[in-house]
Amino acid sequence: MNDASARRVLVTRRTFDEVLAGLRLRFDVDDNQGDQPLTPDELAARAAPCEGIVAAVADAVTPALLDACPRLRVVANCAVGTNNVDIPACTARGVMVTNTPGVLDDTTADHAWALMFAAARRVVSADRWLRDGHWRAWGFMDWHGVDVHHATLGIVGMGRIGRAIARRAAGFDMRVIYHNRKPLPDDQALACGAGYAGLDELLSSADFVVVSVPYGPATHHLIGARELALLKPSAVFVNIARGGVVDDAALVEVLQEGRIAAAGIDVFENEPKLHPGFPALDNAVLTPHIASASRATRLGMAELAARNLVAALEGARPPSLVNPEVLSRAG
Ligand code: DGY
């Protein structure tokens, strides 16, 4: 659409052509199909004339950005996590914030399991060792890992993704314990076969610990040096939540000293920068924040973000509105 009166929206990162085409039927779309991450200044300049932004996890939606965007009515985050968005600042300015819950639960849970297996069975370091030409003879005592089956899985954060991780454990005859702000209703706990535990109890008794909580002030360094010290020496630790939930420096130290068996990490403090200790660790499997990155799921996320944007700008309630109080404020 090239109508000068059309409402302008910004899609901050590369997305699916069909999703952009749908948005172009309604709006004047500024896209970033070149996918160069925008600096805060570039983001502010591009967003300034816009009524809507489809944002990505690395876009910081700050009061300064909002002040630069007087026409803005919606930030459609293309992620379930919203820690990159200052929600109170949006609400105070009457800006709707939406996210993409539900569509990524199973894919993210699958990746948690991929990391559990890869870390437990040393898949990545064995692959590297093999490619590097070290394999001279088969060895009965080589490459011992940790069994997944019949182990105890501890899940910290039992939202939709945590529960999807738990449900998969039945296939491996695992015992599942979880820690959450509030215990689950009985029917939900039963459906995923999980029993409630205090955080310290979970950390000290689980064989696999998977962290799956939203990031915010209450969960900053939820897992720090004290908590990591509670893990069993044979434990496998997995973070698919957000960098910042885990104290990376403390985790690196625990792995360097071999105080746990292994870790699988998808999210990092200050990503895309890594703590300098991570790359040398042979007992850690590292992935670049890709837990939701199947094609089908990323398309589902992009479509949901677009539906949220369209609804917000066309006067309907967005399907996944994070700050509904903004509606009463407007009314
Ligand atoms: C999310 O949705 O919050 C993921 O971390 C990004 O895919």
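The values are calculated or read from the model by the stated rules, or taken from the named source; none is laboratory data. Just so you know, these numbers come straight off a predicted model, no measurement behind them. Note: ideal-geometry Cβ built from the backbone for every residue, glycine included; neighbour counts use all protein chains shown. To get the accessible areas, we keep the full protein, side chains included, count just its heavy atoms, and leave off ligands, DNA and RNA. Shrake-Rupley method; radii C 1.70, N 1.55, O 1.52, S 1.80 Å.
Okay, residues lined up against (1) under 26 Å from the mean Cα position of the chain (by Cα); (2) outside the structural domain of Pro318 (by TED's automatic domain parsing); (3) among the charged types (D, E, K, R); (4) in a helix (DSSP H, G or I):
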{"residue": "Arg26", "(1), (2), (3), (4)": "no, no, yes, no"}
{"residue": "Asp35", "(1), (2), (3), (4)": "yes, no, yes, no"}
{"residue": "Ile53", "(1), (2), (3), (4)": "yes, no, no, no"}
{"residue": "Asn83", "(1), (2), (3), (4)": "yes, no, no, no"}
{"residue": "Cys90", "(1), (2), (3), (4)": "yes, no, no, yes"}
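Considering (1) of a type outside the set (Ser, Thr, Tyr); (2) in contact (Cβ under 8 Å) with a residue 60 or more places away in the chain; (3) touching a strand residue (DSSP E or B) at 6+ places or on another chain (Cβ under 9 Å), say which one Ile53 fails and leave the rest.
(2)
Can you tell me how many residues within the stretch 104-120 are of a type in the set (A, V, I, L, M) and within 11 Å of the chain's Cα centre (by Cα)?
3
Kindly establish whether Ala263 is surrounded by 22 or more Cβ atoms within 10 Å (Cβ to Cβ), more than 16 Å from the ligand (Cβ to nearest atom) and aliphatic (A, V, I, L, M).
Yes.
Which ones in the stretch 245-273 are touching a residue at least 40 places away in the same chain (Cβ under 8 Å), farther than 19 Å from His220 by Cα and in a loop (DSSP other than H, G, I, E, B)?
Correct list: Ala261 only.
Could you figure out which of (1) more than 16 Å from the ligand (Cβ to nearest atom); (2) surrounded by fewer than 21 Cβ atoms within 10 Å (Cβ to Cβ) isn't true of Gly81?
Failed condition: (1).
Look at Val310 and say whether it is within 16 Å of the ligand (Cβ to nearest atom) and under 19 Å from Cys90 (Cα atoms). Talk me through it step by step, then tell me what you get.
Details: within 16 Å of the ligand (Cβ to nearest atom): no; under 19 Å from Cys90 (Cα atoms): yes.
No.
Checking Ala118 against (1) assigned by TED's automatic domain parsing to the domain that holds Leu255; (2) away from the ligand (no atom under 16 Å from the Cβ); (3) under 21 Å from Pro214 (Cβ atoms), which single condition isn't satisfied?
Single failed check for Ala118: (3).
Yes or no, residue by residue, for (1) open to solvent by less than 30 Å² (accessible area, probe 1.4 Å); (2) over 30 Å from Leu313 (Cβ atoms):
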{"residue": "Thr100", "(1), (2)": "yes, no"}
{"residue": "Asp132", "(1), (2)": "no, yes"}
{"residue": "Met141", "(1), (2)": "no, yes"}
{"residue": "Gly145", "(1), (2)": "no, yes"}
{"residue": "Gly159", "(1), (2)": "no, no"}
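Kindly indicate the residue of the stretch 313-331 that is among the polar types (S, T, N, Q) and either more than 16 Å from the ligand (Cβ to nearest atom) or not assigned by TED's automatic domain parsing to the domain that holds Val54 (or both) and also surrounded by the fewest Cβ atoms within 10 Å (Cβ to Cβ) among those meeting that condition.
Result: Ser328.
Mind checking which pairs have a first residue in the stretch 211-228 that is closer than 18 Å to Asn270 by Cβ and polar (S, T, N, Q) and a second that is outside any helix (DSSP H, G or I) and open to solvent by less than 50 Å² (accessible area, probe 1.4 Å), Cβ under 7 Å, 6 or more apart or different chains?
Thr219/Val213; Thr219/Val245
Name the residue that is farthest from the ligand (Cβ to nearest atom), counting only residues in the stretch 102-115 that are surrounded by fewer than 23 Cβ atoms within 10 Å (Cβ to Cβ) and not in a helix (DSSP H, G or I).
Per the criteria, the residue is Gly102.
Condition check: of a type in the set (Lys, Arg), within 30 Å of Glu18 (Cβ to Cβ), crowded, with 17+ Cβ neighbours inside 10 Å and out of contact with any strand residue (DSSP E or B) (no Cβ under 9 Å at 6 or more places or on another chain). Does Arg307 satisfy that?
Answer is no for this residue.
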